[in-house]
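Scroll down for the structure; my scribbles are underneath it.
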Amino acid sequence: MKTLHVDLGSRSYDIQIAPGLLDKVGEEIRKVCPRAKRIAIVTDTNVEPLYGARVEDRLEAAGFDTGLFTGPAGEGAKCATHLAALWEAMMHFGLTRTDAVVALGGGVVGDLAGFAAATILRGVDFIQIPTTLLAQVDSSVGGKVAIDLAAGKNLAGCFWQPRAVLMDPDTLNTLDDKTFSDGMAEVVKYGCIADRDFFEFLCAHPSRAQLMANIEHILYTCCNIKRSVVEKDELDTGKRMVLNFGHTLGHAYELAGNYEKWTHGQAVSAGMCAAAGLGVSLGVTPAQLPGRLEGLLKALDLPTHIDCTAEVYAAAIGHDKKGAGEDISVILLEELGRAVAKKMPKAKLLEGLQ
Ligand code: GLY
């Protein structure tokens with residue numbers, strides 16, 4: 001078992017990483033929610049058949065009454081309609097302010113369940129049980145919860161820190177290769193922005209079998225970097241921006257593929273390569289860095305380039321929540337393991353992408 005403590009004052013919590021942890025979720029949740037009687041388990045149609053009954057069983061053995069709330073799999077579930085249905089179902093279940101919500105699944109489930117927990121009854125306790133690599137290394141940690149609007153992704157949301165993050169790396173064994181690679185884009189991001197040795201480690205262990213043989217080390221390293229960034233800037237007003245390396249352009253690629261052709265990780269992968277190229281052209285990034293980054297991403301079966309028109313870039317940059325007025329902050333690499341935010345006019349960024 002590896003444990004990380006996220007120190008956020010009264011909102012502090014532990015991240016636990018251990019194979020087989022799914023069988024201990026009852027006792028772990030009892031420790032952080034001693035007064036809870038009912039637990040609403042939010043999951044989706046992919047995850048419920050794999051782990052739903054097992055988690056329910058472990059929670060009931062710890063004395064909780066459980067309700068299983070299974071929504072459709074996929075980004076479409078992160079919408080106001082499903083959120084409202086979840087609120088109503090939670091009330092019907094009899095959830096009270098001392099009860100808790102558990103997110104059992106990937107990033108979509110975590111975001112939707114977390115926003116439901118943050119808003120139902122003006123906020124109830126929330127526990128993350130992430131089951132995808134992307135959710136384990138990124139979205140389950142740090143308290144960002146949201147739903148999508150027609151105007152863009154994650155536009156209605158808030159910060160609502162979990163009371164605990166319980167990750168069982170064994171759940172990654174049921175992911176298909178594409179979903180595993182999707183999470184690896186975020187793993188590579190951590191090496192790029194904060195830990196050159198970790199980047200080199202990934203280069204030396206790029207196959208899924210090698211990565212899974214070292215998965216606790218990988219999850220711990222990524223979550224430790226995220227912990228340290230979130231502790232310095234919980235509400236994303238400055239330093240947390242480095243976590244968006246590859247994401248500004250990645251959002252453009254997601255948009256270019258209508259959020260269907262490319263997964264988030266694939267888009268971030270190409271976005272990191274584009275940001276590395278941009279950094280070289282601006283004299284910030286060493287010339288040999290993009291080749292090294294592309295080599296690792298290719299070995300992980302991730303794209304290093306996605307076609308995108310100037311119009312789509314402009315639309316994505318215009319919608320980017322990080323942009324202030326006509327300027328935008330772009331995360332660039334000064335070297336492998338060191339990121340910097342560069343504020344530049346949006347027009348200059350668009351020129352640099354042509
Ligand atoms: N995924 C970026 C953040 O949590 O800030």
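The values are calculated or read from the model by the stated rules, or taken from the named source; none is laboratory data. All values reported here derive from a predicted model rather than from experimental measurement. Here the Cβ positions follow ideal geometry from the backbone for every residue, glycine too, while neighbour counts run over all protein chains shown.
Report, ordered by the first and then the second residue, all pairs with beta carbons closer than 9 Å, sequence separation of six or more or different chains, a first member in segment 338-353 that is over 21 Å from A194 (Cβ atoms) and β-branched (V, I, T), and a second member that is modelled with pLDDT of 90 or more and exposed (fewer than 14 other Cβ atoms within 10 Å of the Cβ). Pairs that qualify, where the first residue is over 21 Å from A194 (Cβ atoms) and β-branched (V, I, T) and the partner is modelled with pLDDT of 90 or more and exposed (fewer than 14 other Cβ atoms within 10 Å of the Cβ): there are none. Applying a threshold of 9 Å to beta carbon distances and a minimum spacing of six or more residues, or different chains, the list of pairs starting in segment 229-242 at a residue that is more than 11 Å from the ligand (Cβ to nearest atom) and ending at one that is not in a loop (DSSP other than H, G, I, E, B) reads E231/V6; K232/K239; K232/R240; G238/K232; G238/A341.
Of all residues in segment 93-105, at least one satisfies being closer than 18 Å to D125 by Cα and without any contact (Cβ under 8 Å) to a residue 40 or more places away in the chain.
When you scan segment 224-245, do you find a residue that is crowded, with 17+ Cβ neighbours inside 10 Å, out of contact with any Lys or Arg (no Cβ under 8 Å at 6 or more places or on another chain) and over 21 Å from A341 (Cα atoms), even just one? No, there is no match, as no residue in segment 224-245 is crowded, with 17+ Cβ neighbours inside 10 Å, out of contact with any Lys or Arg (no Cβ under 8 Å at 6 or more places or on another chain) and over 21 Å from A341 (Cα atoms). Among the residues of segment 188-223, those identified as among the small types (G, A, S) and surrounded by fewer than 16 Cβ atoms within 10 Å (Cβ to Cβ) are A204, S207, A209, A213.
Every listed requirement among (1) over 29 Å from K153 (Cα atoms); (2) small (G, A, S); (3) within 16 Å of the ligand (Cβ to nearest atom) is met by A287 save one, (3).
Among the residues of segment 217-228, those identified as more than 12 Å from the ligand (Cβ to nearest atom) and over 17 Å from Q161 (Cα atoms) are H217, I218, L219, Y220, T221. Of all the residues in segment 81-106, those that are farther than 29 Å from T174 by Cα and in a strand (DSSP E or B) number 0.
Within segment 27-53, the residues that satisfy the criterion of being assigned to a helix (DSSP H, G or I) and either touching a strand residue (DSSP E or B) at 6+ places or on another chain (Cβ under 9 Å) or buried (at least 19 other Cβ atoms within 10 Å of the Cβ) (or both) are E28, I29, K31, V32, E48, Y51, G52, A53. Within segment 123-182, the set of residues being more than 16 Å from the ligand (Cβ to nearest atom) and part of a helix (DSSP H, G or I) comprises P169, D170, T171, L172, N173, T174, D177, K178, T179, F180, S181.
Residue-level check: of (1) without any contact (Cβ under 8 Å) to a residue 40 or more places away in the chain; (2) buried (at least 19 other Cβ atoms within 10 Å of the Cβ); (3) of a type in the set (V, I, T); (4) closer than 25 Å to C222 by Cα, I120 misses just (4). Considering D138, D177, D182, D148, which residue is among the acidic types (D, E), touching a residue at least 24 places away in the same chain (Cβ under 8 Å) and surrounded by fewer than 21 Cβ atoms within 10 Å (Cβ to Cβ)? Result of the check over D138, D177, D182, D148: D177. Could you check, for segment 71-80, whether at least one of its residues is modelled with pLDDT of 95 or more, away from the ligand (no atom under 16 Å from the Cβ) and in a helix (DSSP H, G or I)? Yes: one or more hits. Of all residues in segment 263-288, those that are touching a residue at least 40 places away in the same chain (Cβ under 8 Å), more than 16 Å from the chain's Cα centre (by Cα), assigned to a loop (DSSP other than H, G, I, E, B) and more than 18 Å from D195 (Cβ to Cβ) total 2. Taking segment 1-55 as the range and being hydroxyl-bearing (S, T, Y), free of Cβ contacts under 8 Å to residues at least 60 places away in the same chain and closer than 28 Å to E88 by Cα as the test, only T45 passes.
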